[in-house]
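Colleague: Dropping a structure here in structure tokens format, bear with me for questions.
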Amino acid sequence: MTAKGSESKSGQIRALTRALERAESYPQWLEIATELDHIDGSMAWRENDASEFLHERLIREQIQELRALREGEDLDQLAALLQESVYRHLGELNNPELYLHARTGTKFVVTDYLDEVERAMHTLAERPIPGIPESRKLALFQLAERVYGRPALVLSGGASFGIYHLGVVKALWEARLLPRIISGSSMGAIVAAAVCNRTDEELDTFFGQITEIHRLALKWRNPREIWEKGSAMDERQLFSHILANVGSATFLEAHARTGRTLVISVSPTRTHQKPRVLNYLTAPDVLIEYATQASCAVPGLFPPVALKARRPGFRLVPYMSTETWIDGTVHGDLPRERLARLHNVNQTIVSQANPHVIPFITHRQERGLLAFAKQALSSLIHAGSAELLDIGRHLLDGTPLSPLLDQAHAVAAQTYLGDINIQFPFRPAAYLEVLSNPSPADLAAYVRLGEKATWPRITMIQDLTRISRAFHRSVEIIRNNLEADPPGKASDRKSRAASGRDGSALPETFN
């Protein structure tokens, strides 16, 4: 390439990069990103199967085998190969390194493989399998779905920065990639509760009118009230904000009405009490508005909160009456282990907006010596501060400083990243507004920031959650078939009689 041609190409890349930053929608962003990938060679990288992270030859072979079995309707062998293949390639397909080269996705061999896996799963769900009643097939798919796992969206704390979570959720909703499990802490709990207490139709309306939501969460007390109350902000204003945006429901009611699983983290005020992850399994009768308020109760800014539950007959009663709770970020900003245990979560999509975290993770997507130095320094600061606070809390155990040191250590010792990370951009000037209510213009800007931060992660989220979503869709297909042809009808009996089998052969292939 001539010097003039090289200069022209560089100019195109710079112009398209600026256009990418100004994109107003995901389709527009994707169109520009595709053109950029073609110009800078990233598309050629996608087209070349070779990769140190993939067994690309085996993947191509298994694509052909799956296709042949599916088209030949050899469903027993298709189920066996599918199960073996998915678990064989699970680790390599989830490698985040595969998504650092191109803006529009990873190797096309991965896309081709996922296409064929999804087609195979839907074929098994749609077609009658000799000897396997539909009711049995449904149970097997449900078991396989639980074993494989499902994704969850985890929304961090972040005070006013956390408003940006609305843009993250909006982008995922419009891409039809919003997980049905959403966890939130502090400001993230308000967004999670607002989403999980709305049906699909209500969410369409909510995101269509998102700039009209209630914005006034924070109200500073005067100095005298601060001294008398022991907290800087009015908790009644916060509760009004939560009710306006979230509504009132128990965790179980919200789950039953929307099909979404809301998870809210709260931290204890007593040293020997454990932090809690509240959801429809662990606290079905607890009211989500009180859980959300508790998760927002930043020590010093808001007083601790006593949770309330609703019993039969709409009777409100205290929940764990001797306990009060504070900001979920203190002990469980991202409760990954508990999500995995309670809901079989295998992929966490983390939207991180905590002011004390984002300066140390902004460089995570960068490469080179400077990025390595930044990562090493931030790791040393993280580990060192946690170690110093751990020493301090043991040395000063039983003193008035003990609770504060316990909370500070809990904050410093946490992991603040997930499998897929979407982060609030680090802008020092924004810290001047971190404890203020947004104006309508600020609200719109925060939402757009969240959308723009999410768009580059869409293809990765799409791929890494695809098999989980295919399981969910397959279960729906089988349920619909059962409703159209309930068990006991002649077609089911005929299928069993023709095969001479009782349906006991499939568990090995599906669990």
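The values are calculated or read from the model by the stated rules, or taken from the named source; none is laboratory data. Computed from a predicted model, the values in this text were never measured in an experiment. Please note: Cβ atoms are built from the backbone with ideal geometry, for glycine as well, and neighbour counts cover all protein chains shown. For the accessible areas, the whole protein counts, side chains as well, though only heavy atoms, and no ligand, DNA or RNA atoms are used. Shrake-Rupley method; radii C 1.70, N 1.55, O 1.52, S 1.80 Å.
Colleague: For Ala79, state whether it is assigned to a helix (DSSP H, G or I) and touching a Lys or Arg at 6+ places or on another chain (Cβ under 6 Å). Let's see the steps before the verdict.
Modeller: Values: assigned to a helix (DSSP H, G or I): yes; touching a Lys or Arg at 6+ places or on another chain (Cβ under 6 Å): no.
In short, no.
Colleague: Related question: Do you know which of the residues in segment 169-187 that are modelled with pLDDT of 95 or more and touching an Asp or Glu at 6+ places or on another chain (Cβ under 8 Å) is most open to solvent (accessible area, probe 1.4 Å)?
Modeller: It comes out as Lys170.
Colleague: With the requirement that a residue be touching a residue at least 60 places away in the same chain (Cβ under 8 Å) and either in a helix (DSSP H, G or I) or among the polar types (S, T, N, Q) (or both), what does segment 210-253 give you?
Modeller: Within segment 210-253, the subset touching a residue at least 60 places away in the same chain (Cβ under 8 Å) is 210-211, 213, 215-218, 229-233, 235, 238, 250.
Across segment 210-253, the qualifying residues are Ile210, Thr211, Lys229, Ser231, Glu235, Leu238, Thr250.
Colleague: Still on this structure, please answer the following. Going through Leu252, Leu166, Leu262 one at a time, which residue ends up being under 20 Å from Gln293 (Cβ atoms), open to solvent by 50 Å² or more (accessible area, probe 1.4 Å) and either of a type in the set (Asp, Glu) or at pLDDT 95 or above (or both)? Write out each step before concluding.
Modeller: Values: Leu166 fails: open to solvent by 50 Å² or more (accessible area, probe 1.4 Å); Leu262 fails: open to solvent by 50 Å² or more (accessible area, probe 1.4 Å).
The conditions single out Leu252.
Colleague: If you take the residues of segment 281-316 that are of a type in the set (A, V, I, L, M, F, W, C) and in a helix (DSSP H, G or I), which of them is surrounded by the most Cβ atoms within 10 Å (Cβ to Cβ)? Let's see the steps before the verdict.
Modeller: Just the residues of segment 281-316 that are of a type in the set (A, V, I, L, M, F, W, C), to begin with: 281, 283, 286-288, 291, 294, 296-298, 301-302, 305-307, 309, 314, 316.
The next check asks that each one be in a helix (DSSP H, G or I); those that pass are 288, 291, 294.
On the way: Ile288: 29, Ala291: 32, Ala294: 28.
Ranking the candidates gives Ala291 first.
Colleague: Right, another one. Look through Glu61, Glu52, Glu65, Glu73 and report the one residue that is open to solvent by 50 Å² or more (accessible area, probe 1.4 Å) and under 29 Å from the mean Cα position of the chain (by Cα). Step through it out loud before you land on a result.
Modeller: Values: Glu61 fails: under 29 Å from the mean Cα position of the chain (by Cα); Glu65 fails: under 29 Å from the mean Cα position of the chain (by Cα); Glu73 fails: under 29 Å from the mean Cα position of the chain (by Cα).
Of Glu61, Glu52, Glu65, Glu73, the one residue that is open to solvent by 50 Å² or more (accessible area, probe 1.4 Å) and under 29 Å from the mean Cα position of the chain (by Cα) is Glu52.
Colleague: For the structure I just gave you, tell me whether Tyr416 is among the aromatic types (Phe, Trp, Tyr), at pLDDT 55 or above and touching a Phe, Trp or Tyr at 6+ places or on another chain (Cβ under 7 Å).
Modeller: Details: among the aromatic types (Phe, Trp, Tyr): yes; at pLDDT 55 or above: yes; touching a Phe, Trp or Tyr at 6+ places or on another chain (Cβ under 7 Å): no.
It is false that Tyr416 is among the aromatic types (Phe, Trp, Tyr), at pLDDT 55 or above and touching a Phe, Trp or Tyr at 6+ places or on another chain (Cβ under 7 Å).
Colleague: Of everything in segment 10-48, what is open to solvent by 90 Å² or more (accessible area, probe 1.4 Å), among the acidic types (Asp, Glu) and more than 28 Å from Lys170 (Cα to Cα)? Give them in sequence order.
Modeller: Once the filter is applied, which keeps residues that are open to solvent by 90 Å² or more (accessible area, probe 1.4 Å), among the acidic types (Asp, Glu) and more than 28 Å from Lys170 (Cα to Cα), segment 10-48 yields only Glu47.
Colleague: Same structure, new question: Which condition number does Arg88 fail, the rest of (1) touching a Lys or Arg at 6+ places or on another chain (Cβ under 8 Å); (2) free of Cβ contacts under 8 Å to residues at least 60 places away in the same chain being met?
Modeller: Of the numbered conditions (1) touching a Lys or Arg at 6+ places or on another chain (Cβ under 8 Å); (2) free of Cβ contacts under 8 Å to residues at least 60 places away in the same chain, the odd one out for Arg88 is (1).
Colleague: Out of the residues in segment 134-148 meeting the condition of being among the basic types (Lys, Arg) and over 22 Å from the mean Cα position of the chain (by Cα), tell me which one is least open to solvent (accessible area, probe 1.4 Å). Let's see the steps before the verdict.
Modeller: First, pick out the residues of segment 134-148 that are among the basic types (Lys, Arg): 136-137, 146.
With over 22 Å from the mean Cα position of the chain (by Cα) added as a condition, the list becomes 136-137.
Values: Arg136: 89, Lys137: 1 Å².
Checked segment 134-148; the qualifying residue least open to solvent (accessible area, probe 1.4 Å) is Lys137.
Colleague: Output yes when any residue across segment 117-131 is buried (at least 19 other Cβ atoms within 10 Å of the Cβ), out of contact with any strand residue (DSSP E or B) (no Cβ under 8 Å at 6 or more places or on another chain), on the phi > 0 side of the Ramachandran plot and not charged (D, E, K, R), and no when none is.
Modeller: Taking segment 117-131 and keeping what is buried (at least 19 other Cβ atoms within 10 Å of the Cβ), we get 117, 120-121, 123-125, 129, 131.
So of that shortlist, the ones also out of contact with any strand residue (DSSP E or B) (no Cβ under 8 Å at 6 or more places or on another chain) come out as 117, 120-121, 123-125, 129, 131.
Then keep just the ones that are on the phi > 0 side of the Ramachandran plot; that gives 131.
Narrowing the set further to residues that are not charged (D, E, K, R) leaves 131.
Within segment 117-131, one or more residues are buried (at least 19 other Cβ atoms within 10 Å of the Cβ), out of contact with any strand residue (DSSP E or B) (no Cβ under 8 Å at 6 or more places or on another chain), on the phi > 0 side of the Ramachandran plot and not charged (D, E, K, R).
Colleague: Additional query: Criterion first (part of a helix (DSSP H, G or I), within 30 Å of Ile129 (Cβ to Cβ) and of a type in the set (D, E, K, R)) does Glu31 satisfy it?
Modeller: It is false that Glu31 is part of a helix (DSSP H, G or I), within 30 Å of Ile129 (Cβ to Cβ) and of a type in the set (D, E, K, R).
Colleague: Please enumerate the residues belonging to segment 238-249 that are over 21 Å from the mean Cα position of the chain (by Cα) and either within 16 Å of Tyr280 (Cα to Cα) or crowded, with 17+ Cβ neighbours inside 10 Å (or both).
Modeller: Going through segment 238-249, the residues over 21 Å from the mean Cα position of the chain (by Cα) turn out to be 238-244, 247-249.
Within segment 238-249, Leu238, Phe239, His241, Ile242, Ser248, Ala249 meet the criteria.
Colleague: Turning to a different aspect of this structure: If the Cβ limit is 8 Å and pairs must be 6+ apart or interchain, which residue in segment 432-461 that is at negative phi and of a type in the set (Gly, Ala, Ser) pairs with which residue that is open to solvent by 50 Å² or more (accessible area, probe 1.4 Å) and in a helix (DSSP H, G or I)?
Modeller: Here the result reads Ala444/Thr211, each pair linking segment 432-461 to a residue that is open to solvent by 50 Å² or more (accessible area, probe 1.4 Å) and in a helix (DSSP H, G or I).
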